[in-house]
Amino acid sequence: MNVHSKTVAPQVAGGVVPALNYISADFLREEAELLWPRVWQMACREEEIARVGDFYTYDILDQSIIVVRAEEDLIKAYYNVCPHRGRTLTEGCGHTARLFCKYHGWQWKLTGENSRVIDRHEWGADLTDEDIALKEVKVDRWGGWVYINMDPDSISLEEHLAPAKMFLDPYDLGGLRYHWRKSTILPCNWKVALEAFNEGYHVQTTHNQMLRYMDDITRSYAHGRHAHFGYWEALPSGSKSRRLTNGEPTEDIRPGLLDYMEDMAATLNAGSSVQTVHAARRVMQEVPPGTPPMEVLQKFGQFIFEYCASQGAQFPAITPEQMYKAGIDWHLFPNQIMLQGPTGLLGYRARPNGMDPDSCIWDVYSLQRYAPGKEPKVEQEWSMDHEDVGFWGKILTQDYQNMAAVQKGMKSRGFTGARPNPLQEVAISNFHKSLVEFMDEGR
Ligand code: FES
Ligand SMILES: [Fe+2]
């Protein structure tokens with residue numbers, strides 16, 4: 001099946017991504033001027049600001065933005081600064097009836113109007129309501145996420161996400177809730193971190209334990225500024241990789257499928273793990289050996305659906321064809337990545353860490369589909385130990401082992417640029433093409 005659609009941009013050829021895009025302080029400064037102040041970026045999940053008065057402070061480089069639920073169905077975003085003498089107003093997340101400055105006590109309604117200036121009469125007519133209201137930042141929502149954009153003249157979020165949304169909307173991502181969330185600082189450029197998670201080409205070496213139960217050869221496509229990859233040309237899940245079998249297909253995929261799901265649960269613990277392990281066990285018990293692979297996978301899908309229903313969780317109205325077309329991994333420009341599924345999602349976000357091109361703030365989270373009222377209360381956890389398998393799981397620690405080594409290698413006098421695979425790493429070449437184009441438009 002052709003995964004292209006009429007909105008799909010032509011595939012971007014490999015090309016060379018200049019090393020300087022990852023290592024130069026000048027390039028990071030250009031991003032700080034021409035990318036981040038102009039682009040839609042995911043600030044938080046709606047569930048983090050579920051009640052009126054809940055706020056989340058989103059920081060990007062030297063900018064800080066307050067995202068707050070001002071009314072039941074009204075989310076607002078403001079620059080996190082007091083119009084009196086510039087103190088920041090919030091830090092982290094919390095709940096408040098009004099916004100308040102700890103310096104001289106000015107206050108604002110959640111809708112941004114100033115509600116208190118101590119001794120305001122002393123300014124006379126020199127202080128207008130507009131002067132002392134919080135300064136708004138554009139905000140919009142999609143898929144359960146809240147996005148902000150500092151550019152008042154930007155395109156809409158709808159338009160920005162359009163080429164990806166058409167593939168992802170059937171998953172009802174807004175119906176997912178946090179399962180776990182972890183953050184750290186990675187010793188590499190924010191794009192190096194992202195690019196470890198928007199391609200499947202590294203699996204054969206970095207995660208080579210997975211080849212025993214999956215055929216790992218991916219294909220990737222650009223969709224406007226976004227891109228995805230999937231296993232459209234691979235053997236069915238549960239097959240051994242063709243790299244191990246000289247291309248021979250696996251006759252009975254059932255044991256591989258169970259191994260795959262159990263190993264993922266043990267080494268990644270992403271949101272869909274419970275359902276998929278349960279379904280794969282049922283496949284072993286209820287589907288006879290010798291069943292053709294596509295029938296096995298159809299049963300597997302049916303058992304996942306049944307498990308969801310038995311737990312009272314609402315399975316989305318998505319067709320197998322829609323799931324097939326969506327692939328498994330999306331990179332939403334500029335810095336959001338997700339491995340999506342009908343019952344769970346693994347998400348990633350990278351942001352520059354100050355003006356240091358060699359480090360980034362890295363967030364990983366798992367979302368899951370819960371029965372209403374069964375959603376856990378999930379706290380954000382931090383660890384700076386990237387080798388802590390107990391905290392991160394085996395898969396992420398394997399990925400992290402490449403980060404500092406790539407950042408160091410890219411500074412070598414023997415390295416001029418990256419050469420993404422033209423079929424399997426289109427998300428990387430498209431990302432850099434889009435990044436440079438986007439920044440040029442802002443000049
Ligand atoms: S700086 Fe905020 S009230 Fe003075
Ligand atoms: Fe990986």
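Only the coordinates and a few stated rules stand behind these numbers; no lab work does. Worth saying up front: this structure is predicted, and the values here are computed from it rather than measured. A quick note on method: Cβ atoms are made from the backbone with ideal geometry, for glycine too, and the neighbour counts reach across all protein chains shown.
A few notes on this one:
- When the listed pairs K325/K377; K191/K408; K182/K394 are checked against a 24 Å cut-off, the alpha-carbon distance exceeds it for K325/K377.
- Between F431, F229, F303, the GNM of the chain built on Cα springs shorter than 10 angstrom shows F303 fluctuating the most.
- Partnerless cysteines in the chain, where a partner means another cysteine C-beta under 4.7 angstrom, comprise C44, C93, C188, C308, C360.
- Sequence ranges 335-348, 118-131, 380-393, 264-277, ranked by mean other-Cβ count within 10 angstrom, highest first: 335-348, 264-277, 380-393, 118-131
- Size of charge dipole - segment 41-153 - debye, nearest 20, with Cβ of Lys, Arg +1 and Asp, Glu -1, no other charges: 360
- Convex hull volume per residue, computed on the Cα atoms of segment 41-153, equals 106 Å³.
- Within a straight-line Cα-Cα reach of under 22 Å, K102 can be paired with the following lysines, leaving aside sequence neighbours fewer than 8 residues apart in one chain: K76, K135.
- Percent RCO, i.e. relative contact order, over the chain, from Cα pairs under 8 Å lying at least 6 residues apart: 23
- Cα coordinate range in segment 203-289, projected on the principal axes (Å, largest first): 44, 33, 23
- Close amide H pairs (under 5 Å, H built 1.01 Å from N) link V146 with A43, C44, R45, E46, residues at least 5 positions away or on another chain.
- Per-q log10 I(q)/I(0), segment 370-443, q = 0.16, 0.17, 0.21, 0.26 Å⁻¹ (Debye; single scatterer per alpha-carbon; no solvent): -0.93, -0.97, -1.04, -1.13
- The eigenvalues of the Cα gyration tensor, multiplied by 5 and square-rooted, give the chain an equivalent ellipsoid with semi-axes of 41, 26, 19 Å from largest to smallest.
- Within a Gaussian network of the chain (alpha carbon springs, distance under 10 Å), most fluctuating of D151, D140, D358: D151
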